[in-house]
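Working notes for the structure below.
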Amino acid sequence: MERAPKPGRDVPPKKDKLQAKRKVEAFLGGKGSFVCLRFLAEETAPTTARASPGPPRNKKRNQELRPQRPKTAHILKKSRISKKPQVPKKLRKRKNPEPQRSLSGAQDPFPGPAPVPVEVVQKFCRIDKSKKLPHSKSKTRNRLEVAEAEEKETSVKAARSELLLAEEPGFLEGEDGEDTAKILQADIVEAVDIASAAKHFDLNLRQFGPYRLNYSRTGRHLAFGGRRGHVAALDWVTKRLMCEINVMETVRDIRFLHSEALLAVAQNRWLHIYDNQGIELHCIRRCDRVTRLEFLPFHFLLATASETGFLTYLDVSVGKIVAALNARAGRLDVMTWNPYNAVIHLGHSNGTVSLWSPAMKEPLAKILCHRGGVRAVAVDSTGTYMATSGLDHQLKIFDLRGTFQPLSARTLPQGAGHLAFSQRGLLVAGMGDVVNIWAGQGQTGPPSLEQPYLTHRLSGPVHGLQFCPFEDVLGVGHSGGITSMLVPGAAEPNFDGLESNPYRSRKQRQEWEVKALLEKVPAELICLDPRALAEVDVISLEQEKKERIERLGYDPEAKTPFQPKPKQKGRSSTASLVKRKRKVMDEDHRDKVRQSLEQQQHKQKKAKPSRARPSALDRFVH
Amino acid sequence: MKVKMLSRNPDNYVRETKLDLQRVPRNYDPTLHPFEVPREYVRALNATKLERVFAKPFLASLDGHRDGVNCLAKHPKSLATVLSGACDGEQWKMDAPAYGEEEEPLHTILGKTVYTGIDHHWKEAVFATCGQQVDIWDEQRTSPICSMTWGFDSISSVKFNPIETFLLGSCASDRNIVLYDMRQSTPLKKVILDMRTNTICWNPMEAFIFTAANEDYNLYTFDMCALDTPVMVHMDHVSAVLDVDYSPTGKEFVSASFDKSIRIFPVDKSRSREVYHTK
């Protein structure tokens, strides 16, 4: 930058200050009033700032704009127009909290905003603070700080809005050490109100074989299919029958599609789609000999597991087969879906459970669960726990979100052929003609398998189990028909009207269907972490960096080696330059050594707990 | 035993009459709203696609000139007035709804050298021309009030600052941008870039900010107080940038380039938000 030669414009700021100070001292006659001096000194400071605009002047006059640096260096260091990111103003705490006084003179006994329990605030936090981020520029760090501050504020507000939730969950408590497992369904029906008592019913259907059942996503409609071809759909709350047909073929499984308007029935040979009036709409011949069905509601995908060993994903909104994956494990008849990340869990006869996504030809993960074959798998609604039962009569609960390790195990006298989780974390196991329900300690934590919460004996062996979504009801399909059991405390009491509303009207259902179709998530986005899109793709970033270094021939972001600033008055001699360089190098070296020591300590700490009890032979190992 | 079942009263969930609104209870628990990130991604993608589908920026083409249109000028106060000049010397004035009214000049001045650019003061009856040097003219006089120059090369364009109206900026063919003070009749500051600047434009909202359209496919936004580094470098064109103009809000500017495209840049971003081109 050049300036036109003009005398008298370059007034160095230092002189001004000295002059001003001398003027002030002269005015006050030496050391005058301390306050006045400070006030005047403050006044002079802004004027000096105005006289010297911008950054400190460079003394060199005829200077080129900048040294020849490569193009990428043009991206500037600080931008003057863009304002600093707005950090939300901290609430100014009052020094003396004045109590609110009303006209009557009474004081608020609970001053301040209502306290919010920490677990509830934790529920609404989405940023994973334990993840270490790679070193980033100050702009990125600022933005991350702003995002974290916002998240804190919004999670407190969301936690406070929980006050507005109208319903409370149900409960069942025995008095004086009474075992809740011994309480009969008949007793519960007597003790509760009429509306709830009406939710308990038994459909005696012995003629058409053992039944499998499915509740719709809102929990209002029930579809069931008997092995000998009986298929029916009804609104079980009002007991209004929507359709009842016999498909004249073996029915292996039945599922509602995205709403109560469509049913998918896995028949002996092929997969059929029916209307809720019983009209057959489609016969999908590519899905043959299907044993199990699962519907992924946010992706509009129907996953089918077949006897031929194929896992097929059918997109029901466009009617195309998205992926047909060969599981290479023989006949598939144990399948469930993970509501948290839409991954399909398949259980195999070698005791493993494999996790599948339509994007990959190989399973995402394989977990060895049992010593014999796996008989049933279930995943809870938050995607944290997986319950499996096997031919070895074990019932195990695995942790899905961290290490895939078993958390608890229990030996059952009879192996459980069916498992299901409820919305509030209750686990039901169907063993022969008995169902056992286990409850957890509160909302967090897996269900404790010590003592069952409720038990019930049915009139025939169990073939299907599902908890009704927003009602305290368990639907059991068995060889004698359908039973609807009361399970207090099973369901989420407060539904969200925009997601699944059991009281929705026809218009509301149509609006919801259109919006759901517009928001349909593409099948390629299914992976173990559903928030993967929100994270920085570190691997691709590093790959790009490598390519850029290759292309340019050098690393534009590498730290330039330290160049000591040339100083006046003999401080720039060769010896002192070398000394300064050495100082900086030594400091960097010290930092590196400190970091590597810390890392080593970390590794040691991690390695320590895995050691077994110390034995006398350890001295020969190290 | 103590037992309570979850039982909802339908009266609290279903509306009473058809004239009422539907009741929609809300629960913001993240468990009830899974797949937040992919759903938001899909909604953002759909919104962008629809926005592109409905974007029809081309409004009209004004015919009438018989030769290539070389320059445009807008009226500082009237929204509907635009003047255009063609290579064959014709000038047309568009005053909505009419376009194509030819004007007769009030006054003709013959100069000694070629004039390459002209700009009028925002407040006073003064205008500036540039060619070999920058001349400041009074409307009534036939010779310039003052001439300013710094360096020996020809100057291609000159622009007055709309806020600090005594300031001028000019671009010369020896790759520099010179700022002048009209009150002192002297050049103030100079910045030399790597390649020639075609035009500059002052920000109508920020007093000391101007943007320079450079031959090296970039636009540089400078703060007059500190000309050693640009405030922002705007990189998106793939050929020389020929002209730049600010929006009256001062938040965006539009740039025209030799690569047959027009781009709209926000002032604080280095990438364009919009690009227009014809076939």
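Net charge dipole, the protein assembly as shown: roughly 4680 debye, given to the nearest 20, about the Cα centre with Cβ charges of +1 for Lys and Arg and -1 for Asp and Glu. The overall shape of the range A:281-433 is prolate: from the C-alpha gyration tensor, with semi-axes ordered a ≥ b ≥ c, the ratio a/c is 1.5 or greater and a/b exceeds b/c.
With 0.36 nm allotted per residue and the present C-alpha distance subtracted, the A:Ile194-A:Lys565 stretch has 124.8 nm of extension available. The share of C-alpha pairs in the range A:382-489 whose separation exceeds 25 Å stands at 16 percent. Placing pseudo-labels 7 Å out from each Cα toward the beta carbon at B:Arg273 and A:Cys243 gives an inter-label distance of 5.1 nm. The fewest-to-most ranking of A:His299, A:His602 by surrounding Cβ atoms within 10 Å reads A:His602, A:His299.
Which net charge results when you count Lys and Arg as +1 and Asp and Glu as -1 among the other residues whose beta-carbon is under 14 Å from that of A:Leu517?
Net charge around A:Leu517: +1.
Both numbers refer to the Cα atoms of the range B:22-89; Rg and Dmax are 25.3, 71 Å. Does the protein assembly as shown come out rounded, prolate or oblate, given a ≥ b ≥ c as the square roots of the eigenvalues of its C-alpha gyration tensor, rounded meaning a/c under 1.5 and, failing that, prolate meaning a/b above b/c? Taking the square roots of the gyration eigenvalues as a ≥ b ≥ c, the protein assembly as shown is prolate. Projected onto its three principal axes, the C-alpha set of the range A:185-336 covers 51, 31, 29 Å, listed from the longest axis down. The label-point distance for B:Thr48 and A:Val121, in a model that sets each label 7 Å from Cα toward Cβ, rounds to 3.6 nm. Working note: 222 nm ellipticity from helices only, DSSP H runs with n ≥ 4, each -39,500 (n - 2.57), summed and divided by the residues of the protein assembly as shown, gives -6000 deg cm²/dmol to the nearest 500.
Taking Cβ atoms as reference points and 12 Å as the exclusive limit, the residues near B:Tyr13 contribute a net charge of +2, counting Lys and Arg as +1 and Asp and Glu as -1. Could you work out the pair-distance distribution P(r) of the range A:439-506 from its alpha-carbon pairs, with 5 angstrom bin width and percents rounded to whole numbers? The percentages, shortest bin first, are 3, 14, 18, 20, 19, 13, 9, 3, 0, 0. Within the range A:492-614, the proportion of C-alpha pairs whose separation exceeds 17 Å stands at 82%. Take the Cα of A:Ala616, step 7 Å toward its Cβ, do the same at B:Thr186, and the gap between the two points is 9.9 nm.
Would you mind checking the range B:200-230 for residues with the amide N under 19 Å from a putative spin-label position 7 Å along Cα→C-beta of B:Thr165? B:202-209, by backbone N distance to the label point. Where Lys and Arg each count +1 and Asp and Glu each count -1, what net charge lies around B:Lys159 among other residues with Cβ under 12 Å from its Cβ? Net local charge, B:Lys159 excluded: -3. Remark: the range A:318-335, residue by residue, has Karplus-estimated 3J(HN,Hα) of 10, x, 10, 7, 7, 7, 10, 9, 8, 6, 6, 9, x, 5, 9, 9, 10, 8 Hz, where x stands for each Gly or Pro and the curve is 6.51 cos²θ - 1.76 cosθ + 1.60 at θ = phi - 60°. Across the range A:149-156, computed HN-Hα scalar couplings (Karplus, 6.51 cos²θ - 1.76 cosθ + 1.60, θ = phi - 60°) run 5, 4, 5, 4, 4, 5, 5, 5 Hz from first to last residue, x flagging Gly and Pro.
A simple rule links phi to the HN-Hα coupling: the Karplus curve 6.51 cos²θ - 1.76 cosθ + 1.60 with θ = phi - 60°, which for the range A:300-310 gives 6, 10, 9, 9, 10, 10, 10, 5, 6, x, 9 Hz, with x for Gly and Pro. Taking amide H atoms as placed 1.01 Å from N in the peptide plane, the amide H of A:His418 lies under 5 Å from those of A:Gly430, each 5 or more residues away in sequence or on another chain.
Overall, the anisotropy analysis places the range A:244-334 in the oblate class: the square-rooted eigenvalues a ≥ b ≥ c of its C-alpha gyration tensor yield a/c not less than 1.5, with a/b not exceeding b/c. The magnitude of the dipole of the range B:69-277, with charges of +1 and -1 set on the Cβ of Lys/Arg and Asp/Glu and taken from the Cα centre, is near 400 debye. If you average the C-alpha positions of the range A:399-415 and of the range A:475-512 separately, how far apart do those two centres end up, in angstrom? What the calculation gives is 28 Å, centre to centre.
Calculated on C-alpha atoms, the gyration radius of the range B:69-277 divided by its Kirkwood radius gives an Rg/Rh of 0.95. With the gyration tensor restricted to C-alpha atoms of the range A:156-206, the semi-axes of the equivalent ellipsoid amount to 31, 19, 10 Å, longest first.
Amide H contacts of A:Arg375: A:Ser389, A:Gly390, A:Leu391, each under 5 Å away and 5 or more positions distant or on a separate chain (H built 1.01 Å from N in the peptide plane; Pro and chain starts excluded). Put the Cα centre of the range B:149-211 next to the Cα centre of the range A:580-611 and the gap is 55 Å.
Running Debye on the range A:116-261 with equal point scatterers at the Cα sites and no solvent, what base-10 log of I(q)/I(0) appears at q = 0.18, 0.20 Å⁻¹? Treating every Cα as an identical point scatterer, log10 I(q)/I(0) equals -1.09, -1.19.
What the Cβ-Cβ distance of B:Ala125 and A:Gln508 gives, at R0 = 56 Å and to the nearest 0.05, is a FRET efficiency of 0.25.
Amide H to amide H distances under 5 Å link B:Asn198 with B:Ala213, B:Asn214, B:Glu215, where only residues 5 or more positions off or on other chains count and H is placed in the peptide plane.
Each reported figure results from applying straightforward, stated rules to the coordinates on display, with no laboratory input. None of these values were measured; they are calculated from a predicted model. Counting neighbours? That spans all protein chains shown, and the Cβs are built from the backbone with ideal geometry, glycine included.
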